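Colleague: Quick one: the structure is below, questions incoming.
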Amino acid sequence: MQCPHCDLELGLPALQAGQLARCPRCNDVLCRIPLHATDSTLAYALAAMIFLCLSFAFPLLGMTVEGVHQQITIFSSAEILFHEDFVLIADLLLLVLLFTPALFLAATFYVYLALRLNARWPGLRAAAQLAASSRPWMMVDVFALAILVSMIKLASLAEIHFGLSFWSLLLFSLSLTKTASLVDKHWLNFKLAQLYGDDPTQPWTDGEQSCPACDKRNPKDARRCVRCAHRLSTRRPHSLQLTVGLLLTAAILYIPANLYPIMLTESLRSSEASTILEGVVIMWNIGSYPIALIIFIASVLVPIAKFAALSLLCIAAQLRKGAGETVSARRYTQLYRVTELIGRWSMVDVFVVAILVALVRMGKIMSVYPGVAALSFTGVVVFTMLAAMSFDIRLIWDKRVNKENPAHD
């Protein structure tokens with residue numbers, strides 16, 4: 001296979017259950033085989049689907065203020081955001097909490113059940129690719145953290161009750177995370193190749209390229225994969241231009257996201273609008289230091305860190321360095337992995353607003369409304385994630401490795 005991060009051509013040894021293989025040059029995990037790979041994945045996927053249904057079937061949270069009781073579900077949160085003309089946030093909420101996890105679990109269960117029964121069902125490769133591409137857009141764990149932040153924010157103002165769906169959501173988050181960790185793209189492609197009678201153990205020959213979607217070896221000049229019709233190219237087309245464009249869009253949106261209110265709070269006593277930083281200060285002043293740090297890191301430091309990291313990567317991909325600088329290329333690759341990992345956690349503040357807007361709806365006693373910054377900040381998170389996905393880290397290695405003898409870099 002070819003390493004997806006540094007493009008090193010290598011052959012994997014025969015791995016046993018519980019083992020993993022790493023690239024000797026960039027240390028990327030190439031393949032990981034869990035214990036009881038098929039049965040474990042099926043069990044966790046089934047459990048996650050059950051908890052998914054329970055998470056949307058019952059009340060999520062309840063609140064009591066001066067004898068007035070209010071409770072919400074995830075659907076009601078999206079519905080209220082829709083009526084407040086924040087349609088994009090409502091759609092995103094349902095996308096990352098319901099539709100994307102449901103598609104991932106359904107595709108995973110379908111493929112692994114076919115492998116378990118040794119059955120050649122239609123659409124197995126498409127389902128495997130769907131499961132792999134949907135993983136970055138599942139944010140159930142981020143939403144669970146947002147619920148805890150919201151609870152602490154309201155603890156001094158009202159009596160908070162956990163609904164049955166709250167506990168189901170926690171279990172759903174754990175089982176979904178475990179399922180995603182068990183799905184290994186390379187192992188899955190290997191098993192599907194065996195299922196369809198291909199021989200994935202043939203040695204690599206010169207003049208071939210690996211399909212990034214299904215690992216099929218194709219001729220160097222092929223434009224489409226002969227197996228799955230995925231577009232083939234030595235490097236992602238217009239990667240730098242697309243990354244820079246998405247990054248500039250996110251940077252422009254970051255300005256109103258911090259200048260305008262992200263949340264409006266109205267009560268009998270006052271009407272208060274708070275920006276992201278003002279929300280951090282409020283939580284710090286009332287003594288909720290961990291929550292203040294979580295919001296500050298997720299909503300302020302992480303976006304700035306992503307801007308800086310992706311900008312540095314784009315510059316490094318353009319600089320012409322001498323051959324053999326593998327150490328610096330490996331560090332840039334580590335920076336890219338961290339950037340991909342932390343991006344979605346910035347959605348915590350947006351989810352907090354979505355929860356409070358739905359939960360605190362008590363007329364003149366107390367009501368919370370979304371601010372325009374919520375939409376801008378959602379755009380910041382989405383565009384920085386897309387920018388990270390569009391960047392081709394192999395461009396870094398192109399300028400910094402010994403092409404004649406890459407095994408000794």
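The values are calculated or read from the model by the stated rules, or taken from the named source; none is laboratory data. Just so it is clear, the model here is predicted, and its values are computed rather than measured. We place every Cβ from the backbone using ideal geometry, glycine too, and count neighbours over all the protein chains shown. Keep in mind that these areas ignore ligands, DNA and RNA; they rest on the heavy atoms of the full protein, side chains included. Shrake-Rupley method; radii C 1.70, N 1.55, O 1.52, S 1.80 Å.
Colleague: Count the lysine pairs in the chain that are 8 or more places apart or on different chains: how many have C-alpha atoms under 24 angstrom apart?
Modeller: Lysine pairs meeting both conditions in the chain amount to 12.
Colleague: Something else about it: Can you quote the Å³ per residue value for the convex hull of the Cα atoms in region 76-168, rounded to an integer?
Modeller: Working: hull volume 11.8 nm³, N = 93.
Measuring per residue, one finds 127 Å³ for the Cα hull of region 76-168.
Colleague: So, one more: Which far-off residues, 5 or more places away or on another chain, put their amide H under 5 Å from the one on CYS31, with H placed in the peptide plane?
Modeller: HN-HN under 5 Å from CYS31: ALA21.
Colleague: Based on Cα positions only, what radius of gyration and what Dmax would you give for region 132-267, in angstroms?
Modeller: Taking only Cα atoms of region 132-267, I get Rg and Dmax of 23.4, 71 Å.
Colleague: Same structure, new question: For the chain, give the magnitude of the charge dipole about the Cα centre (Cβ charges: +1 Lys/Arg, -1 Asp/Glu; no others), in debye to the nearest 20. All intermediate terms of the calculation are to be shown ahead of the outcome.
Modeller: On the way: 34 positive and 28 negative charges, 241 e Å.
With only Lys, Arg, Asp and Glu charged at Cβ, the dipole is about 1160 debye.
Colleague: Please compute one quarter of the surface area of the Cα convex hull for region 47-100 and express it in square nanometres.
Modeller: 4.4 nm²
Colleague: Counting pairs of alpha carbon atoms under 8 Å apart in space and at least six apart in sequence, what relative contact order in percent does the chain give?
Modeller: On the way: 616 pairs, mean separation 88.2, N = 409.
Relative CO of the chain lands at 22 percent.
Colleague: Still on this structure, please answer the following. Figure the gain on full extension for LEU195 and ILE255 (residue separation times 0.36 nm, minus the Cα-Cα span) and round it to one decimal in nm. Don't jump to the answer; show the numbers that get you there.
Modeller: Numbers: separation 60, 0.36 × 60 = 21.60 nm, distance 5.20 nm.
Between LEU195 and ILE255, full extension yields an extra 16.4 nm.
Colleague: Now for a different question. Going by amide H atoms built from the backbone, whose H comes under 5 Å of the H on LEU61, apart from near neighbours?
Modeller: Sorted by chain and number, the residues that satisfy this are ILE72, GLY163.
Colleague: If you don't mind, another one. Ignoring everything but the protein chains, give the 1.4 Å probe accessible area of ASP221 in square angstrom, nearest 10.
Modeller: Using a 1.4 Å probe on the heavy atoms, I get roughly 120 Å².
Colleague: So what's Rg/Rh here for region 215-301, counting alpha carbon atoms and using the Kirkwood radius for Rh? Walk me through the intermediate numbers first.
Modeller: Values: Rg = 23.3 Å, Rh = 17.4 Å.
Using Cα coordinates only, the ratio equals 1.34.
Colleague: Sequence-distant or interchain residues sharing an amide H contact under 5 Å with GLN209, placed H: which?
Modeller: The answer is ASN218, LYS220.
Colleague: Next question. Along its principal axes, what span do the Cα atoms of region 1-134 show, with the longest given first and each in whole Å?
Modeller: 66, 35, 29
Colleague: Using the Kyte-Doolittle scale, find the helices of the chain whose mean hydropathy is at least 1.6 and whose Cα atoms extend 20 Å or more along the helix's long axis, counting only whole DSSP H runs. Mind showing how you got there, number by number?
Modeller: Details: long enough: 37-57 (30 Å, 1.56); 100-117 (25 Å, 1.44); 140-154 (21 Å, 2.21); 164-182 (27 Å, 1.25); 239-259 (31 Å, 1.56); 302-318 (24 Å, 1.71); 326-342 (24 Å, -0.22); 372-390 (28 Å, 1.98).
Those that clear 20 Å and a mean of 1.6 are 140-154, 302-318, 372-390.
Colleague: Semi-axes of the equivalent ellipsoid of the chain: what are they in whole Å, largest first, if each equals the square root of 5 times a C-alpha gyration tensor eigenvalue? Let's see the in-between values first.
Modeller: On the way: eigenvalues 361, 145, 54 Å².
One finds semi-axes of 42, 27, 16 Å for the chain.
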